[in-house]
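Q: First the structure, then my questions, so here it is.
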Amino acid sequence: AALARDMVPTPPTWGSDTPVCTWKGLLCLNGRVERVSLPSGKPPFTGTVDLSQLPSELGYLDLSGNQFSGSADLSQLPSQLSIVYLYSNQFSGPVDLTNLPSQMSFLDLDHNRFSGSVDLTRLPTKLAYLYLNNNNFSGSVDLTQLPTQLPILSLASNKFSGSVNLTQLPSSFEILELNTNQFNGTVDLTHLPKSLQTVGLYGNRFCGSTTTDIACSVFNLGGGCECQEKVVTCPACA
């Protein structure tokens, strides 16, 4: 019930005299809350959420498609939490990705108002999906120490800037979305994983040319860049 203290409206039956495991959106196992699922409320839930008040045995959290606002403190999540959907809300402020639960495999924060820089060098080793797109994140990004099992990373539609190093992506990497940011410089595309299916680079300020050993069809280019015969050419660097 502490989780819903500042939610509007309070989820149906929450805080009532009925057993917690009968409350709407909760799923229990052996009397302990294992899932909290309150997506796309009708009407949407508003207010703030104190993520430090989540049940200690929680493994799944879905608050997506609402209008929650305020900060989202990810540094004190339950140790067994593996799947988190917070997308399509109005959360704001910085996000700490350096103290996520070790079991975390899926984190979706897209379409919010988060801001500040992000540290991608200390992500959980089991992380398989990370969506940070459509926020207001800024600063540079270090892609050289991503989890070895991570196949999908979306940083699209933010305000990230600086150069990017793509020479040490995980060997099983499949989808990388860097599009619609402020990245610049020449990108080394000579050491990309053979497993890559899509690399979104459009909407940035890349320049110069480089060879690549994967098919041109993998690249989603723009801004005057093109790929022919495994050579990616962008406007000349100033």
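Q: From the list GLY25, GLY41, GLY59, which residue is at positive phi, surrounded by 15 or more Cβ atoms within 10 Å (Cβ to Cβ) and under 24 Å from the mean Cα position of the chain (by Cα)?
A: When all the criteria are applied, what remains is GLY25.
Q: Can you name the condition, by its number, that VAL199 falls short on among (1) of a type in the set (Val, Ile, Thr); (2) surrounded by 14 or more Cβ atoms within 10 Å (Cβ to Cβ); (3) assigned to a loop (DSSP other than H, G, I, E, B)?
A: Result: VAL199 passes all but (3).
Q: Looking at region 160-210, which of its residues are more than 20 Å from GLY224 (Cα to Cα) and among the basic types (Lys, Arg)?
A: LYS194, the sole residue that qualifies.
Q: Moving on. Quick one: LEU153 ticks every box in (1) in a loop (DSSP other than H, G, I, E, B); (2) within 12 Å of the chain's Cα centre (by Cα); (3) within 19 Å of PHE219 (Cα to Cα) bar one, so which box is it?
A: That leaves (1) as the condition not met.
Q: Has region 6-28 got at least one residue that is touching a residue at least 40 places away in the same chain (Cβ under 8 Å) and under 22 Å from VAL84 (Cβ atoms)?
A: Taking every residue of region 6-28 in turn, at least one turns out to be touching a residue at least 40 places away in the same chain (Cβ under 8 Å) and under 22 Å from VAL84 (Cβ atoms).
Q: Given the structure, is PHE206 at pLDDT below 95 and aromatic (Phe, Trp, Tyr)?
A: Yes; evaluated as a whole, the condition is true for this residue.
Q: Can you list the strands (runs of 3 or more DSSP E) found entirely within region 57-130 that contain at least 1 residues being over 19 Å from LYS159 (Cα atoms) and either touching a residue at least 24 places away in the same chain (Cβ under 8 Å) or among the hydrophobic types (A, V, I, L, M, F, W, C) (or both)?
A: 60-62, 67-70, 83-85, 106-108
The values are calculated or read from the model by the stated rules, or taken from the named source; none is laboratory data. Quantities reported herein were computed from a predicted structural model and do not represent experimental measurements. FYI the Cβ positions are ideal-geometry reconstructions off the backbone, even for glycines, and counts take in every protein chain you see.
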